[in-house]
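Chemist: One structure coming up, written as structure tokens, with questions to follow.
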Amino acid sequence: MAGTEGTPLRIALLAYRGNPHSGGQGVYVHHLSRQLLELGHHVEVFSGQPYPRLADGVPLVEVPSLDLYRPDDPFRVPHPREFRDGIDVLEFALMCTAGFPEPLTFSLRARRVLRPRRGDFDIVHDNQCLGHGILGLARDGFPVVATLHHPIAVDRRLELDQTRSPVRQVTLRRWYGFLRMQARVAQRLGRIITVSESSKRDIAQHMGVAPERMAVVPVGVDHEHFRPLPHIGRVPGRIMTTASADVALKGLVPLLEAVAKVRTERDDAHLVVVGKQRDGSTVPATIARLGIEGAVTFASGVDDQRLVELYAEAEVAVVPSLYEGFSLPAIEAMAAGVPLVATTGGALPEVVGSNGDNALTVAPGDPGALATAILRLLAAPRLRERLGGAGRAHVLDRYTWAATARATVEQYRAALESRPC
């Protein structure tokens, strides 16, 4: 049967959105598909907008949506001629009622595209879509596994905790309405891949998935790209983060408060935030309140090469998240040889190591602790050098995409072997 040890597999890898420069989904799909191809498997990526950037030899099957959240026109109203079918109508209607439709509508479109191709694939791998159409694919006879990076219920809880507006509370609950669907789908799939033991525990708690149906496969980093660049000098006082300005769980506000504290002792301290502020963001007001307008820079539209150069210029990298199911920014910074300050939110101690040998760790949401750790590193070149080297060694030992792909294939084969012949 397909999936016999050593037999190349035919894999349909699904991503309801695959932005290569924002969020982890596009990064995951790009590198996993590339490594699966290098292992000798056939993989096709099925994605909605924004489409991922894929390696040569990996076909992209576009599964277009109405693209209602495009960066230059979010929550747009499509022209009537853009509506092609009932799924488009459903997508727009859900958006108009403050819901987030993409997981559901992508899954329905993906099922429609894949149903005539049952003989082309041995397995379907869903990347955190978990829409009703994914169960439909299983009913159509496709073996299905899904990656669940972390339960989005944690994001919802943190956002609700940080807003006092009753209207905003109602809007957030409606936006996250897709979580009930994702939990029902996850409970009914035979095999779930997640990225850390922390996420495994949280998925069991928040989504009701039996632990014995989950396997931990950590994600990786492109360690040949994210590497130290000795020819680029560190900028004195440079602190760097990739924390999103508009997602509460990423912890940018506590970091800004920490930077304000750091500057009372180091007037050269300044923060580079890799990312773009959205219209209506409260971050500018926070920066103004703290009086650090000249000490915070946002770098948007950064390509992969410039990102590595920014790491090379930083004296300290910070992951200030209140919660992480894994953390690509943490292992990217360590792979680049940058000394890291990270919180203990979610899986971060598991990822970076909790003994302090590879990074300094502090409690999430504590600006004072962040400031103390940052000042400690800024004042100690030898400590920075030691942590930078130890962090890279830690990544090379545990977090490569080749290892992720090999372990993922093991889960594919286990799923195929558990099916009746």
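Chemist: Distance between Cα centroids, segment 367-421 to segment 158-179: provide it in whole Å.
Modeler: If we compute the Cα centre of each part, the gap is 32 Å.
Chemist: Return the Cα extents of segment 238-398 along principal axes one, two and three, sorted largest first, each rounded to a whole Å.
Modeler: Principal extents (Cα only, largest first): 42, 30, 29 Å.
Chemist: Could I ask something else about it? Restricting the calculation to Cα positions, tell me the Rg (one decimal) and the Dmax (whole number) of the chain in Å.
Modeler: 21.7, 68
Chemist: In addition: Using only the alpha-carbon atoms of segment 35-165 as identical scatterers, what base-10 log of I(q)/I(0) does the Debye formula give at q = 0.10, 0.11, 0.16, 0.19 Å⁻¹?
Modeler: With one equal scatterer per Cα and no solvent, log10 I(q)/I(0) is -0.40, -0.48, -0.96, -1.23.
Chemist: Same structure, new question: Using the Cα centre of the chain as the reference point, and only Cβ charges (+1 on K/R, -1 on D/E), how large is the resulting charge dipole? Debye, rounded to the nearest 20.
Modeler: 940
Chemist: Helix-only mean residue ellipticity at 222 nm, the chain, DSSP H runs n ≥ 4 weighted -39,500 (n - 2.57), per residue, nearest 500. What is it? Write down the numbers at each step before the final one.
Modeler: Working: 16 runs with 177 residues, N = 421.
For the chain, the value works out to -12500 deg cm²/dmol.
Chemist: Considering all projection directions equally, how large on average is the shadow of the alpha-carbon convex hull of segment 319-407, in square nanometres?
Modeler: For segment 319-407, averaging the hull's shadow over all directions gives 5.3 nm².
Chemist: By a straight-distance test (C-alpha under 21 Å), which lysines pair with Lys276 as possible cross-link partners, with residues fewer than eight away in the same chain excluded?
Modeler: Cα-Cα hits under 21 Å: Lys250.
Chemist: Which of rounded, prolate, oblate describes segment 138-262, given a ≥ b ≥ c as roots of the alpha-carbon gyration tensor eigenvalues and a/c under 1.5 marking rounded, otherwise prolate only if a/b is larger than b/c? List each step's numbers first, then the result.
Modeler: On the way: a/c = 2.90, a/b = 1.34, b/c = 2.17.
Taking the square roots of the gyration eigenvalues as a ≥ b ≥ c, segment 138-262 is oblate.
Chemist: Amide H of Gly346 versus every other amide H placed in the peptide plane: which residues, excluding those fewer than 5 positions away on the same chain, fall under 5 Å?
Modeler: Residues meeting the criterion, in which the H sits 1.01 Å from N, are Glu324.
Only the coordinates and a few stated rules stand behind these numbers; no lab work does. Quick caveat, the model's predicted, so the values are computed rather than measured. Methodologically, a virtual Cβ is constructed for each residue, glycine included, from the backbone with ideal geometry; neighbour enumeration extends over all protein chains shown.
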